[in-house]
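Only the coordinates and a few stated rules stand behind these numbers; no lab work does. Bear in mind that the values here come from a model prediction, so they are computed numbers and not experimental data. In this analysis, Cβ positions are derived from the backbone assuming ideal geometry, glycine residues included, and neighbour counts consider all displayed protein chains.
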Amino acid sequence: MQARTTLTAVAMTCLALASPANANELRLMTGPQGGVWVPLGGQLKDAWEKAIPGAKISALPGAGIANVRAIEEGKAEAGFGNTISTEAAPSDQTQLRKKSTTVAMDFGSIGIEADTQLHIYGAPGQRRFDFMSEILIKNALGIVILISNESSDSLNELNYYLNTHKEFLKHNRAVIGVTHNDINPNPSIGEYDRFIKGRGESWPVIKVDARKREDMKKLVMSLLISTLKHG
């Protein structure tokens with residue numbers, strides 16, 4: 001099965017499906033010329049071609065986040081990435097809860113079929129990092145917006161993100177995840193529903209605990225089902 005799909009979320013999360021153009025061919029993104037990823041990619045190419053009969057591996061030059069984007073855009077099926085410090089002093093209300101917060105792009109994947117992966121990208125929720133979500137949302141099929149009830153202005157926060165991605169949402173789907181309901185049960189899910197309908201929109205709103213894998217999986221699957229249903 002050939003597929004390449006992207007879904008995105010705010011706090012933000014983005015999802016993508018990718019599979020090789022040919023089951024026996026694989027494009028591997030390495031690094032810039034002169035870097036250690038180039039020879040390492042060559043070694044992997046040799047090892048994979050020896051281990052997999054009929055496999056043809058192309059080791060291509062690349063770099064950091066460009067490799068992730070190449071996979072998302074269907075230009076490659078594998079690539080190297082690096083780990084750096086992703087902690088920074090928080091702004092907004094986050095600084096009242098913790099001394100540091102993650103400011104990097106998150107990435108994960110879920111296997112849908114043997115040759116199809118759902119790619120999930122996440123961006124920080126603080127507004128100073130909006131440029132990251134604008135990059136990640138390119139070619140996405142939908143977004144998950146996470147809103148915290150711990151905020152004193154959660155409906156305005158939701159309004160901000162819906163307005164920010166207004167053009168994208170004209171042709172794509174969204175799902176709203178409401179967190180920190182244990183700290184503050186208000187606004188209720190019903191209030192969120194009425195607020196969204198008051199904007200002339202209709203997005204699923206789901207109460208979640210962002211620390212629980214099953215809750216987050218429920219959000220992702222809800223977005224995937226909604227996206228497939230509405231084409």
Counting each pair of different Cα atoms once, what's the Kirkwood radius of region 87-229 in Å, rounded to one decimal? 16.0
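Based on the alpha-carbon gyration tensor of region 20-76 and its eigenvalue square roots a ≥ b ≥ c, which shape applies: rounded if a/c is under 1.5, prolate if not and a/b is larger than b/c, or oblate? Walk me through the numbers before you get to the answer.
Numbers: a/c = 3.25, a/b = 1.22, b/c = 2.66.
Here region 20-76 falls in the oblate category.
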Counting every Cα pair in region 130-193, what percent are over 13 Å apart? 65
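With +1 on each Lys and Arg Cβ and -1 on each Asp and Glu Cβ, how big is the dipole of region 20-76 about its Cα centre, in debye rounded to the nearest 20?
On the way: 6 positive and 5 negative charges, 9 e Å.
Dipole about the Cα centre, nearest 20: 40 debye.
Given the pairs K56/K217; K56/K212; K56/K229; K170/K218; K45/K229, which span a C-alpha to C-alpha distance of over 29 angstrom in this model?
Working: K56/K217 34 Å; K56/K212 40 Å; K56/K229 36 Å; K170/K218 23 Å; K45/K229 39 Å.
Too far apart for the 29 Å limit: K56/K217; K56/K212; K56/K229; K45/K229.
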Considering Cα pairs under 8 angstrom that are at least six residues apart, work out the relative contact order of region 20-76 and quote it in whole percent. 46
Check which residues have an amide H placed less than 5 Å from I143's amide H, if you skip close sequence neighbours. T8, R173, A174, V175
